[in-house]
Amino acid sequence: MNFKSEHLETEFDHLHPELRRLVSELDQWSAEHRFPAPIVTHALRSLDDQERIYAPIYADNTGLPVERCKSLARQRFSWHLVGCAVDLRNAHYSDDERRAVMGFVHNHIEPCPGNWEVLAHDIGRGDHLHLARRDVAWRKAHAPHTQEHA
């Protein structure tokens, strides 16, 4: 497994254990199948990060005043805020490798796919695979104070 930035390796150690397990198993499977190693590009997120990421999206899509967009961004919940999500680079995979990686992920979240969030998307920061373990108890225990109402 590789990390886009050094600090992500430390952050990875603080993520939900089932999420870490899934990504670690993906790393091992990738090596066995001679696929590129997963590259972690994003893990933990602060409310400031949330604002920086989503306020411009809200501004572009709604035309609302900047301060309102910042407020909406801070109110938006993300599993990254509570250590239950990780983003992995998609660009280093071929189309066939992407499909295989997605197949691996979906096969390894069974029998409880509702406990997981799996997205291949681009929110303006590059195409990536977003994996999140939906764990309400973990969320309550790790929620930023201002995010508990979300």
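Scanning region 90-120 for residues that are in a strand (DSSP E or B) and either in contact with a Pro (Cβ under 9 Å, 6 or more places away or on another chain) or in contact (Cβ under 8 Å) with a residue 24 or more places away in the chain (or both) gives GLU117, ALA120. Inspection of region 72-89 finds a residue satisfying the criterion of being within 17 Å of LEU131 (Cα to Cα), part of a helix (DSSP H, G or I), open to solvent by less than 10 Å² (accessible area, probe 1.4 Å) and among the aliphatic types (A, V, I, L, M).
The requirement of being within 17 Å of GLY124 (Cα to Cα) and either in contact with a Ser or Thr (Cβ under 6 Å, 6 or more places away or on another chain) or of a type outside the set (A, V, I, L, M, F, W, C) (or both) is fulfilled somewhere in region 29-43, by at least one residue. Of all residues in region 1-26, which are more than 13 Å from the chain's Cα centre (by Cα), open to solvent by 30 Å² or more (accessible area, probe 1.4 Å) and within 22 Å of ARG134 (Cβ to Cβ)? Listed by number, the residues that qualify are ASP13, HIS14, PRO17, GLU18, ARG21, SER24, GLU25. Could we say that HIS42 is touching a residue at least 40 places away in the same chain (Cβ under 8 Å) and open to solvent by 80 Å² or more (accessible area, probe 1.4 Å) here? Spelling it out, it is not the case that HIS42 is touching a residue at least 40 places away in the same chain (Cβ under 8 Å) and open to solvent by 80 Å² or more (accessible area, probe 1.4 Å).
Closer than 20 Å to HIS128 by Cα, surrounded by fewer than 20 Cβ atoms within 10 Å (Cβ to Cβ), at pLDDT below 95 and over 15 Å from the mean Cα position of the chain (by Cα): does that describe ILE57? For ILE57, the condition - closer than 20 Å to HIS128 by Cα, surrounded by fewer than 20 Cβ atoms within 10 Å (Cβ to Cβ), at pLDDT below 95 and over 15 Å from the mean Cα position of the chain (by Cα) - is met.
Quick grid of which residues meet (1) farther than 21 Å from GLU6 by Cα; (2) out of contact with any strand residue (DSSP E or B) (no Cβ under 7 Å at 6 or more places or on another chain); (3) not acidic (Asp, Glu):
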| position | (1), (2), (3) |
| --- | --- |
| SER46 | no, yes, yes |
| ILE53 | no, yes, yes |
| PRO56 | yes, yes, yes |
| GLY63 | yes, yes, yes |
| ARG74 | yes, yes, yes |
| PRO113 | yes, yes, yes |
| TRP116 | yes, no, yes |
| GLY124 | yes, yes, yes |
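The values are calculated or read from the model by the stated rules, or taken from the named source; none is laboratory data. All values reported here derive from a predicted model rather than from experimental measurement. So basically every Cβ, Gly included, is an ideal-geometry build from the backbone, and we count neighbours across all protein chains shown. In case anyone asks, the SASA skips ligands and DNA or RNA and just uses the protein heavy atoms, side chains included. Shrake-Rupley method; radii C 1.70, N 1.55, O 1.52, S 1.80 Å.
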